[in-house]
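Values in this text are rule-based calculations from the coordinates and carry no lab data. As the structure is a computational prediction, the values presented were derived from the model and not from experiment. Note: ideal-geometry Cβ built from the backbone for every residue, glycine included; neighbour counts use all protein chains shown.
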Amino acid sequence: MFTPRNIVIVIIAGILGTIANSIIINIMAGAPVMPLILSLGRNAVAIIVALLLIPIFARNANATAWVTALVALTVIPSLLAKFVFGAGAPWTFVLWVNFVYAFVATLVYAVSYRRV
């Protein structure tokens, strides 16, 4: 399940999801985009959370995997942002920008996923 190929794909998915998330934050809140994209902490959290894609897609069918992944990759980073990192933005904003991360990361993983 956790093959080197899957781990590389998850890393790429997490980083691309973070880039999309950063662009949306820039568009919606005007925050500088490059510090968000280059933040080691944001990328680390994104990659760690994206690791959930591996067991989600390995254990679920297509639609179920997508829904589960979108919910998990939206809710977990949102909870971390609000309760661990102290994000002051409203819940709707945090959920929306993390949904963008979840969608992009899931899309990248789903496109390159191979059931073994």
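A compact table of results
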{"quantity": "Given the chain, longest segment not containing exposed loop trypsin sites (Lys or Arg not before Pro) (DSSP; at most 16 other Cβ within 10 Å)", "calculated": "1-113"}
{"quantity": "Structure-derived log10 I(q)/I(0) by the Debye sum over Cα atoms at q = 0.09, 0.16, 0.22 Å⁻¹ - corresponding label in (1) -0.22, -0.71, -1.32; (2) -0.28, -0.84, -1.29; (3) -0.22, -0.67, -1.19", "calculated": "(3)"}
{"quantity": "Highest-MSF residue in the chain out of Ala50, Ala89, Ala72 [GNM, Cα springs under 10 Å]", "calculated": "Ala89"}
{"quantity": "Choice from Ser78, Ser22, Ser39 with maximal GNM fluctuation in the chain (Cα, 10 Å cutoff)", "calculated": "Ser39"}
{"quantity": "Residue of Ile25, Ile76, Ile11 that the Gaussian network model of the chain assigns the largest fluctuation, springs spanning Cα pairs under 10 Å", "calculated": "Ile76"}
{"quantity": "Contact order relative to length of the chain, as percent, for alpha carbon pairs under 8 angstrom and 6 or more apart", "calculated": "39 percent"}
